[in-house]
Each structure stands twice: as C-alpha cells, then as structure tokens.
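The values are calculated or read from the model by the stated rules, or taken from the named source; none is laboratory data. What you see is a predicted model, and the numbers here were worked out from it, not measured in a lab. Reconstructed Cβ throughout: ideal geometry from the backbone, glycine too, with neighbour counts over all protein chains shown.
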Protein chains: 2
Amino acid sequence: MASDQTRTAILVAAERLYADRGFSEVTLRDIVAEANVNLAAVNYHFGSKDELIAELFVTRSIALNRERLRDLRAAEDSGGGRADIHAILRALVGPILRGCLGPENQRSAVARFMIRASIESVPPIRRIKNKEIDHLRKFAAAMKRALPDRSEVELFWGLHFALAMAHHTIRESERLTKLSDGRCDLDDVEDVIARVVRSAALGLTASETAAKSPARLSARETR
Amino acid sequence: MASDQTRTAILVAAERLYADRGFSEVTLRDIVAEANVNLAAVNYHFGSKDELIAELFVTRSIALNRERLRDLRAAEDSGGGRADIHAILRALVGPILRGCLGPENQRSAVARFMIRASIESVPPIRRIKNKEIDHLRKFAAAMKRALPDRSEVELFWGLHFALAMAHHTIRESERLTKLSDGRCDLDDVEDVIARVVRSAALGLTASETAAKSPARLSARETR
DNA sequence: GTCTATAGAATGATAGAC
DNA sequence: GTCTATCATTCTATAGAC
C-alpha cells in the first residue's frame, strides 16, 4: 500500500511541474525531487516518461468528457430530447474554456496542465486525442437531432469550427490579448463562451446558399 | 564559400527530416548523417538545435507573410483602398491552407514542415510566433477599413476566429476526416478556404444584437 | 574562416541488491 | 516495492587541424 502513496506523489508533483514549466522543460529528476521519491520509482510505476504524461492526460480528459456529456444530457432533457443548437455547442466548448481561461490566479494546476497539453502537443497526448472521436460523435448526433435539415457534412464542419475557436482561444490567449491591446477580455469566460457558441451556431443556421459563391476566385492572380 | 554548402545541406536535411518525423523524433545526429556533414557543423553554423529550428521557421514564415500581404494589397487595390471583408480574410487564411492541405502526395517538404511547426509547438517556434503581432495588425487595419462601423473588439475576435478555424483545420485534419467518415473533403482546399472565410465573415457581418443574449445562463446548474 | 575530432554534462531507462 | 548504481543516448562546447 506504500506503492499508492509513491504513485500519487509522483502524479501530483508531475502535474504541478508540467503545468508550470511545460513538458519539455521538466525532467524525471525534477519530478522525483519534488515528490521526494526515488528516480527509478517513475519507471517502476508508469513504465516511461511518456506513459506518465499519458496517464495524467487520460485522467483529466475523462473528467472533462464526463462534464461535457452531463451538460449535453441536461440540455437535451430540458428540451424533450431535442436541445437547442446553442446549448449543444455550449456543452461542447463550455467546460474546457471554463477550466482553461479566467483570471490567472484562479487557474488550478489541473487547468494549467490541460493548457500545456493543448499547446505542447507531445506524442503521448496526440495518440490519446485521436481516440476521442467516439465522444465527439455523440455531439454530432445531438446536432443532427437539433438541425435535422442540415446535411451531415455541414454539421461536422460546424462541430469542427466550434472546437477550433475554443482551442485556439486557449492556445493563443496571450497573443489575442496583445494584438487587441487588452481590449479583448479573456478573463470574462462566459463572454468568450457566448462568442464561440454564437459564431459556430451562425455558420450552421445561416442560409446555406452563400457557401458555394464564386467569391473564391477573387484576389488571386498568381501561383 | 564551402560554408554555404554545408549550411544549406543542413537546412535541407533538417527540413525534410522534421517534416517526415517531427521535431522530437529527429536528433542532430540524424540530420548530420542525412546531410553528410560533421556533427559540430550544426553548432558552428546555428549555435544549437533550437536555433536551427528557429532559422527554418523564420525563413518559411517570412515567405508566408509576404504572400499574405501580396494578396491583401491586391484585394485593397482592386477595391480602391477598401477591400471586401471576404477578400481580406481570404488573404489571411488562404496561403497557409493552400500550403498545408490538399492531396497528400502534393504537399511539399516545406508545407509538411509548417504543419509540424503548427502541431508540435516547441519553444523556439513559440517565441517566434509571439512576434507576428505586427503582421496581424495590418490585417486588423484593413478589416477596420472594410467594416468601419464594427467595433475594434469585434474585428479582433473575427480575425482571431478566422485564424482559429484555419489552423485547427490543419492541425486536426486527420481527426475531422475520421469523424466524418471521409465526408468532409480536406483535399478540396478551395472549398475549405471558402468555408473558413464564410464562417468568419458571418460572425463579423451578422446583426450584433445576438452577441449579448442571456442564453449564457442556460444549461448550467453546477459549479 | 571553415570544419573535424573529441570531451563534457544531462537525460531516460534498467539491472540487480535489499 | 524501493533503492543504488550504471548504461546508452542525447545536446552542447571546445581545442585544434586544414
């Protein structure tokens, strides 16, 4: 049972250090020093540095996905099995944005770790992300119920763009703040969520005819 | 002058290997073997592994930014100093999407390198990206000329979301293909560009009143 | 100036004693 | 399960040949 103590100590120390400094800047020796355990303990309990990162990320991803699905179910239940498209998109992007944005000092080690995982795309994390497709399919299905007249291709693109805006906002929050001289307020998380949801929903509900306009031929004379 | 040969050989080999395997999977020894030069030559010509990556990325970024600005100028010139918002957004996201999407076998080592740079966000590349703000300001200014009635905050968010959709599509193209069972065609680059431009422009031109709706209070009972 | 050979410091991983 | 000692590999730095 002493094993569990060591194991947990490593996980806690690793998450804190990765959140603060990033994956590439933290060595196994840093982690074992912070956790007050032996260097070989990491390899014994997790197998490798990559598997340690993977375990951390899997744990946090499961919690995030559970939160998303709870919000989605709540939205569909309150709509009698068919949720509003805004509520669906809000369930998709709300939890991750709430965890990763907001005033600096309020962000937990958990959220800061997830930001790192989003920014520094290391191999073990990429492998896990590729398995999230089943989870996303549940949202695609809910969107189909909300907008039965939309083609599935359009729905997939809308889902994709919603995630794009949410993740990019997390990844590049610093740049957006600088670019706008602080006028874009990234600490107002609910405002950010509303913007992402509104923008993604607009693309899904606006008249489709504009999509195939010949505008694509303008402004290009070379190549 | 033999220096230039060695230098160039290192750059060519490094770009090819990084494009194929990713930054974390390629060692300096792999690069010097591919380039048929000595290990220390890398340090002599570039100082460190990070500076080699930085030089590669800077070169490619400059070329990309030049292409973007050329498209932007062309759009503004043909509109008498005020371009259509669609043309501006197209100049912003078109060049990078054309370089990084399209049929697998048509993607050059250059484009594949830029994809890697976009996916595996290593420290030297992050540092450079943070300096791109001046470049983006030129697009923000053009957007202000195109939509003088829009608040600057809205314009910055629109610019940000356009980049979000473009970059996320490059990063997660594989996942979108799998999620949609191949129904979202990422080889049709001009269609992807049209979708991104349309979606971003919609958010900027649609009636603003919806942005601050009370919908943000729905579907959340906990936390 | 240009490049090579070689040494140094640090990292992830492992074998084997306890 | 835990720990010490050690390995192979990596990036970096430098002395000195051409």
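Would it be correct to say that A:Ser78 is exposed (fewer than 15 other Cβ atoms within 10 Å of the Cβ), hydroxyl-bearing (Ser, Thr, Tyr), in the same structural domain as A:Gly158 (by TED's automatic domain parsing) and away from DNA strand C (no atom under 13 Å from the Cβ)? Considered against the rule, which asks whether it is exposed (fewer than 15 other Cβ atoms within 10 Å of the Cβ), hydroxyl-bearing (Ser, Thr, Tyr), in the same structural domain as A:Gly158 (by TED's automatic domain parsing) and away from DNA strand C (no atom under 13 Å from the Cβ), A:Ser78 comes out as yes. The set of residues from the stretch A:36-56 being within 13 Å of DNA strand C (Cβ to nearest atom) and among the hydrophobic types (A, V, I, L, M, F, W, C) comprises A:Val37, A:Leu39, A:Ala40, A:Ala41, A:Val42, A:Phe46, A:Leu52, A:Ile53, A:Ala54.
The residues on offer are A:Leu101, A:Leu72, A:Leu52, and the sole one that is within 16 Å of DNA strand D (Cβ to nearest atom) and touching a Leu at 6+ places or on another chain (Cβ under 9 Å) is A:Leu52. Exactly one residue out of A:Gly94, A:Gly79 is within 12 Å of chain B (Cβ to nearest Cβ) and touching a residue at least 24 places away in the same chain (Cβ under 8 Å), and it is A:Gly94. Taken together, the residues in the stretch B:120-141 that are within 9 Å of another protein chain (Cβ to nearest Cβ), free of Cβ contacts under 8 Å to residues at least 60 places away in the same chain and not in a loop (DSSP other than H, G, I, E, B) amount to 6. The test for being outside any helix (DSSP H, G or I), more than 7 Å from every other protein chain (Cβ to nearest Cβ), among the charged types (D, E, K, R) and without any contact (Cβ under 8 Å) to a residue 60 or more places away in the chain does not hold for B:Lys144. Does B:Ala33 fit the bill of being touching a helix residue (DSSP H, G or I) at 6+ places or on another chain (Cβ under 8 Å) and either closer than 30 Å to A:Arg126 by Cβ or away from DNA strand C (no atom under 13 Å from the Cβ) (or both)? Spelling it out, it is not the case that B:Ala33 is touching a helix residue (DSSP H, G or I) at 6+ places or on another chain (Cβ under 8 Å) and either closer than 30 Å to A:Arg126 by Cβ or away from DNA strand C (no atom under 13 Å from the Cβ) (or both). Residue pairs whose Cβ atoms lie under 8 Å apart, separated by 6 or more positions or on different chains, with the first residue in the stretch B:38-49 and away from chain A (no Cβ under 14 Å) and more than 11 Å from B:Pro124 (Cβ to Cβ) and the second within 7 Å of DNA strand D (Cβ to nearest atom) and among the aliphatic types (A, V, I, L, M), are B:Leu39/B:Leu28; B:Val42/B:Leu28.
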